[in-house]
Amino acid sequence: MPFAELGDARVFFTDDLPAGREPRATLLLVHGYGADSDDWIFHLPGFGGRYRIIAPDLRGHGLSSAPATGYTPHDLAADLVRLLDLLEVAEPVVAVGHSLGAMVVSALAVEHPDRVRALVCVDPAYGQSAEIAAAFPAIHAGLRSGDPYPTALANEEWCHTPASPPWLLAWHRRKILATAPQALAEAFPAMYEGDAAFGLRPQGDAYLARRACPVLSCWSAAQAASADWERGLFRHPASRAEAWPGGGH
């Protein structure tokens, strides 16, 4: 069954094994805010011949159910632990996360280090500066206004570059509109509000520095300066932070 009953959430996922051979490792692919696991559709064929690939829709996103609560990165990481347990994945995974997903897999690595072999963080939502964070209260208020969609759609605009094809903009607009309103209203603020949030710097630095596994982070052009900042947080000598010139979110 492509759905997992994880307590208060019913989570859609795919679990693909390479044909006729043992997988080199298990990849756990975690999408970002207002998206779903179809974001990885272009990567699945390339990885599928070598790896076991588990790609869930986070609660409130895609085809998963949308409980009223449970949208912090820690909550979403706990869903992943329950999913891995259900699928009897005993070995540590290589966890790949984009944006919010990078925060979720980072929480997984900190809180459950035995479950994570390595991290790949694609343009993470963490590491936001005070200058960027100054706009967040207004964004949070818009998301919690009762109709989060105009604010979520407006926030999507910075993610693209002049090179972004029109179909990509339309695709992600539709993903946002398909995301449950409570997920939009709570998942974004949960990255930056409260004592447990680790999306801002320097408040979140100590938490991110607890990631003991190798981390590869890839930053977009808009957040390129964050690569230098993150290099100072790595514990594992194999970790790297890179910026992609011209890359969008």
Counting only residues in region 210-240 that are in contact with a helix residue (DSSP H, G or I) (Cβ under 6 Å, 6 or more places away or on another chain) and under 12 Å from TYR126 (Cβ atoms), the one most open to solvent (accessible area, probe 1.4 Å) is identified as LEU233
Looking only at region 144-155, decide whether some residue is surrounded by 13 or more Cβ atoms within 10 Å (Cβ to Cβ), under 18 Å from the mean Cα position of the chain (by Cα) and modelled with pLDDT under 95.
yes
Of all residues in region 1-14, which are surrounded by fewer than 16 Cβ atoms within 10 Å (Cβ to Cβ), in contact with a Lys or Arg (Cβ under 8 Å, 6 or more places away or on another chain) and in a strand (DSSP E or B)?
PHE3
Exception for ARG117 within (1) touching a Cys at 6+ places or on another chain (Cβ under 7 Å); (2) crowded, with 24+ Cβ neighbours inside 10 Å; (3) assigned to a strand (DSSP E or B) falls at (2)
Within region 73-94, which residues are farther than 22 Å from SER217 by Cα, in contact (Cβ under 8 Å) with a residue 12 or more places away in the chain and either polar (S, T, N, Q) or part of a loop (DSSP other than H, G, I, E, B) (or both)?
LEU87, VAL89, GLU91
Can you spot a residue in region 130-142 that is of a type outside the set (A, V, I, L, M, F, W, C), in a helix (DSSP H, G or I), surrounded by 15 or more Cβ atoms within 10 Å (Cβ to Cβ) and at pLDDT below 95?
no
Can you report the number of residues in region 22-52 which are open to solvent by less than 40 Å² (accessible area, probe 1.4 Å), part of a helix (DSSP H, G or I), closer than 30 Å to ALA190 by Cβ and not acidic (Asp, Glu)?
3
Can you find a residue in region 100-112 that is more than 15 Å from PRO56 (Cβ to Cβ), open to solvent by 10 Å² or more (accessible area, probe 1.4 Å), at pLDDT 95 or above and charged (D, E, K, R)?
yes
Taking only region 155-193 into account, find how many residues are out of contact with any Phe, Trp or Tyr (no Cβ under 9 Å at 6 or more places or on another chain), part of a loop (DSSP other than H, G, I, E, B) and touching a residue at least 60 places away in the same chain (Cβ under 8 Å).
6
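The values are calculated or read from the model by the stated rules, or taken from the named source; none is laboratory data. Quick caveat: nothing in here was measured; it's all calculated off a predicted structure. Backbone-built Cβ (ideal geometry, glycine too); neighbour counts: all protein chains shown. Accessible surface is based on the protein model in full, side chains and every heavy atom, while ligands, DNA and RNA are left aside. Shrake-Rupley method; radii C 1.70, N 1.55, O 1.52, S 1.80 Å.
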